[in-house]
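Student: The structure is given below, and queries will be raised subsequently.
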Amino acid sequence: MNKNKLSLVIALVMTVAVLAGGWFLGVQPQLAQAAANGTQQETIDSTNRANQLELARLAKASDSLSTTKSELATLRASVPASMDTTPFLKALDGYASAAGVVVTTITIGDAAPYEAPAAAATPLDASSASPSATPSATPSPTSSPSATPAVPSAPVPVTDAAITGTVFTVVPVTVAVTGSYDQALAFTKSVQTGDRLFLVNRIAATDVDESGPPMTSQAWSLSGSVYVLGGTADAAGK
């Protein structure tokens, strides 16, 4: 190999070395940085999408906040955390005026801790009512079988484990009014749909004016319960 060819080979080798060095020192780091930037951009985009979804959820919750506060205020009025019955008595007076009845007496009993209703006992089956009776081996050909009437079962009480006597108090209330049947019916509907929860479980009526038309002037007694959120000791102290 002459001197010129050797110089050319050396020059080519040096050129390849320079190009390779340029690749590792310049191009390859730039490509790696570009790949890293692309990964970071994907992470940022994913985070932005998650933040946008959360902002949309918070905006929707904010829009319904006023509705939620209104519902909470209604529930607090229905079952307050105070034993003060003054607002309830004022409401009864308003219901009576609107219905046209006259309130004669209002009796508020002693508060008692709430007790969950017990499940009704299952009625005995007719076939087991008389265990000592011996069934006839052969039915009489002249006797016709009589179907035993089905005994209706009581509905299963609806309870909630979170409602106990330590957080819920029952206050018995009896309201006596005078008025016609329609007036008493309107009054009963008002007290059962008013702001304060008043569960009426008994209604009794007696004639007042026997000389007038029936059902026009009667004395009505509504018995039921109102409720207080909290135990009797806590509620009485508020």
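Coordinate-derived values only; no laboratory data. Remember, it's a predicted structure, so these values are computed and weren't measured experimentally. Using ideal geometry, Cβ is built from the backbone for each residue, glycine included, and neighbour counts are taken over all protein chains shown.
Student: Please list 3J(HN,Hα) in residue order for the range 62-76, calculated via the Karplus relation 6.51 cos²θ - 1.76 cosθ + 1.60 where θ = phi - 60°; whole Hz, with x for glycine and proline.
Tutor: 5, 5, 8, 5, 5, 5, 5, 5, 5, 5, 5, 5, 5, 5, 5
Student: A further question on this structure: Compare the peptides 40-49, 96-105, 218-227 by average per-residue count of other Cβ atoms within 10 angstrom and give them in order, highest first.
Tutor: Highest mean packing first, the order is 218-227, 96-105, 40-49.
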